[in-house]
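Following: one structure in structure tokens, then a few remarks.
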Amino acid sequence: MALSQEDVLHLAALARLELTPDEVELYQKQLGDVLSYVAQLQELDTRSTAMPQAATPLRTDKVELFFEPGRLVAAAPEHDDSFVVVPPVFGESR
Amino acid sequence: MLTIRELKAKLARREVSAVEITEQYLAAQAASQLNAFITSTPERALEAARSVDASFARGDDLGPLAGVPLAVKDVFTIKGIETTAGSKVLRGYQPPYTATVVERAEAAGAIVVGKTNCDEFAMGSSGENSAFGVTHNPWDGAKVPGGSSSGSAAAVAAGECVASLGSDTGGSIRQPAALCGIVGLKPTYGRVSRRGLIAMTSSLDCPGPLARTVEDAAILLQAIAGHDERDATSVSMPVSDYTAELTNGVSGLRLGLPVEFFGEGLDPRVRDAVMGAVAELEAAGATVTEVSLPSMKYALAAYYVICPSEVSANLARYDGLRYGARASEGANLSEAYLRTRGQLFGAEAKRRIMLGTYVLSAGYYDAYYRKAVQARVAIRADFTRVFSQVDVLVTPTTPETAFPLGSKAQSPLAMYLADVYTVPVNIAGLPAVSLPCGFVGGLPVGLQLIGKPWDEATILQAAYTYEATTDWHTRVPQGA
């Protein structure tokens, strides 16, 4: 299953990954190899196979306070006392 | 190099204190050239050791892991201690909570000596995908220790800890255990809580023990197994007494040899070592039957659709905003995401994210993802059918012994094929243990025993019985 460079760039954009041109070329080949390998799944006759149903048990919706919100903010790469600092949503690309 | 039993006996006889043992293991870690650890935790370790010594002095009952130096794969969170998942994107991350498995091990008295090196986000079969350098195999520094729990396996084999915690999604405990000549157990999915295990493939990830002996692995499993209401996928099955049942023997145990695990691609010398182990188990009273799992040939393909799909979702949270590291400033949010993720994720992480994005996208979902999930149903059905005829499946853990560092780095697919015997077990959600069954060219060979769901006790019994007939577990790497 061959991928085009456009395919790779499209996937990278969807996944928010900025790739170098060398990476695009390398991954194009490597991803194509893997997709060719996994294509053998098509040989399986799954016409009578039901999709599995998840059976995760539910618990009661009980509120528990997380008592160290400061730790969560402190984990951010850039923050002030109470806020996580982020780049502007709208800003001119350099 | 001590086992848990030997260590506890020395402590009980007051031959040595927990602090002295801890200092010895910390020194071994510091002197090591293997790069098995990313972060050392000497303060935490010595404080815990002092606490064990004080407890003992007071005459308190000591926990089952009291004084045991334990290494923890860096995909498990420990509050306030840098946890990287082997990735630049989490460099500097200090989690606000500690993983359940670590909480339980420490409650049992374990001494956490450090966070071990691993492939980035537990994706890899060699340790070479770590952002913190490769880990070396203690038996031959030019060879890989296996992955993704590379440091956890190398550290146990080299005597830098007594036991360790790893995670197994496609073989990441069993394969490095095999390549490093130690015991590694993947529990049934849902047996051990994933809370605090940084998610990679949520439907397959399993925390588990690595140790020098089967008994040690059983003791560590006992301490961490059991339902955790804070992990929605953790199951409320009763936990057996794994250590009490070890000596049951294998009389009448029905072993199955699945032909698909003994075919092309298996090194004949590895096969011979495995068949030697089978002969020992037969001599001890087990029966052996050949069985077949025809859908197993699709297991690796199913895995490399399901795993990247969940990876693409689980790694979407790494945006450089809320935790870890951020790349050089982007002018706007979109650039920040692109640069952080592009620059701070390694190649394998990016490959799997893109693969997952592809197979889940409109137009490809049915052909790839839906098909893979259906393959998973078929593979599970095959195992269920076979387990109505036999109790334990015996296979090699890997097709070959530890390969040279760099030898598979150019071909992701070649690397994936290293997991051909371990992945089907994850796809079927089953428990399995790897333990040493010989050496080829000075490198360890691993024997894999696969059990029925929730039947860790039986595979541990069979492993223990075989181990008792050999001395592989007493061998120590040169210069370790």
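The values are calculated or read from the model by the stated rules, or taken from the named source; none is laboratory data. Remember, predicted model here, so these are calculated numbers, not experimental data. Cβ: placed from backbone, ideal geometry, glycine included. Neighbour counts: every protein chain shown. For accessibility, only protein heavy atoms count, side chains too; no ligands or nucleic acids. Shrake-Rupley method; radii C 1.70, N 1.55, O 1.52, S 1.80 Å.
At-a-glance table
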quantity: B:Ala232-A:Phe83 FRET efficiency (beta carbon distance; Förster radius 25 Å; 0.05 resolution); calculated: 0.25
quantity: Under 15 Å from B:Lys408, Cα to Cα: aspartates and glutamates that are on another chain or at least 8 residues apart; calculated: A:Asp33, B:Asp119, B:Glu128, B:Glu348, B:Glu400, B:Asp419
quantity: Solvent-accessible area buried by B and A, counting both chains, probe 1.4 angstrom, square angstrom; calculated: 5000 Å²
quantity: When each of B:Lys73/B:Lys452; B:Lys8/B:Lys115; B:Lys88/B:Lys186; B:Lys297/B:Lys371; B:Lys73/B:Lys186; B:Lys350/B:Lys371 is checked by Cα-Cα distance, pairs over 19 Å; calculated: B:Lys73/B:Lys452; B:Lys8/B:Lys115; B:Lys88/B:Lys186; B:Lys350/B:Lys371
quantity: Reciprocal of mean inverse Cα separation for chain B (Kirkwood radius, Å); calculated: 22.1 Å
quantity: Reduction of at least 40 Å² in accessible surface, 1.4 Å probe, comparing all protein chains with the chain by itself, residues of the stretch A:5-24; calculated: A:Leu11, A:Ala15, A:Arg16, A:Leu17, A:Glu18
quantity: Chain A: equivalent-ellipsoid semi-axes (sqrt of 5 x gyration tensor eigenvalues, Cα, Å); calculated: 39, 31, 11
quantity: Carbon + sulfur, % of accessible area of chain B - ligands and nucleic acids excluded, 1.4 Å; calculated: 51 percent
quantity: Under 12 Å from B:Lys10, Cα to Cα: aspartates and glutamates that are on another chain or at least 8 residues apart; calculated: B:Glu20
quantity: q = 0.13, 0.17, 0.19 Å⁻¹, the stretch B:233-388: log10 I(q)/I(0) [Debye, one scatterer per Cα]; calculated: -0.90, -1.08, -1.17
quantity: Apportionment of accessible area to carbon and sulfur, chain A, percent (1.4 Å); calculated: 57 percent
quantity: Cα gyration tensor of the stretch B:173-242 - equivalent ellipsoid semi-axes, whole Å, descending; calculated: 21, 15, 8
quantity: Sequence-distant residues sharing a close amide H with B:Gly256 (under 5 Å, placed H); calculated: B:Thr289, B:Asp391, B:Val392, B:Leu393, B:Val394
quantity: Minimum 50 Å² accessible area buried by the other protein chains, the stretch B:267-298 residues, probe 1.4 Å, relative to alone; calculated: B:Tyr298
quantity: At least 20 Å² of accessible area lost relative to the chain alone, listed for the stretch A:72-94 with a 1.4 Å probe; calculated: A:Leu72, A:Ala75, A:Pro77, A:Glu78, A:Val84, A:Val86, A:Pro87, A:Pro88, A:Val89, A:Gly91, A:Ser93, A:Arg94
quantity: Descending principal axes extents, the stretch B:69-125, alpha-carbon based, whole Å; calculated: 31, 26, 16
quantity: Å² per residue, accessible surface of the stretch B:148-227 at 1.4 Å; calculated: 8 Å²
quantity: Ordering of B:389-397, B:81-89 by packing [mean C-beta count within 10 Å, highest first]; calculated: B:81-89, B:389-397
quantity: Dimensionless Rg ratio for the stretch B:269-360, taking C-alpha atoms and the 2.2 N^0.38 Å reference; calculated: 1.84
quantity: Sequence-separation-based contact order of chain B, relative, with Cα cut under 8 Å and 6+ spacing, percent; calculated: 18 percent
quantity: Spin-label pair B:Ala347/B:Glu245, simplified geometry with 7 Å Cα→Cβ offset, distance in nm; calculated: 4.5 nm
quantity: Loop chymotrypsin sites (Phe, Trp or Tyr not before Pro), the stretch A:11-94 (other Cβ atoms within 10 Å of the site Cβ: 15 or fewer; DSSP); calculated: A:Phe66, A:Phe67, A:Phe83, A:Phe90
quantity: Reference-scaled alpha-carbon Rg (2.2 N^0.38 Å with N residues) for the protein assembly as shown; calculated: 0.94
quantity: Projected-area average for the stretch B:72-210 over all orientations - Cα convex hull basis, square nanometres; calculated: 7.2 nm²
quantity: Normalised contact order of the stretch B:111-170, rounded percent, pairs of Cα under 8 Å and 6 or more residues apart; calculated: 31 percent
quantity: Ratio of the Cα radius of gyration of the stretch B:1-107 to 2.2 N^0.38 Å, where N counts its residues; calculated: 1.14
quantity: Cα long-axis angle, helix A:5-14 against chain A (0 to 90 degrees, to the nearest 10); calculated: 30 degrees
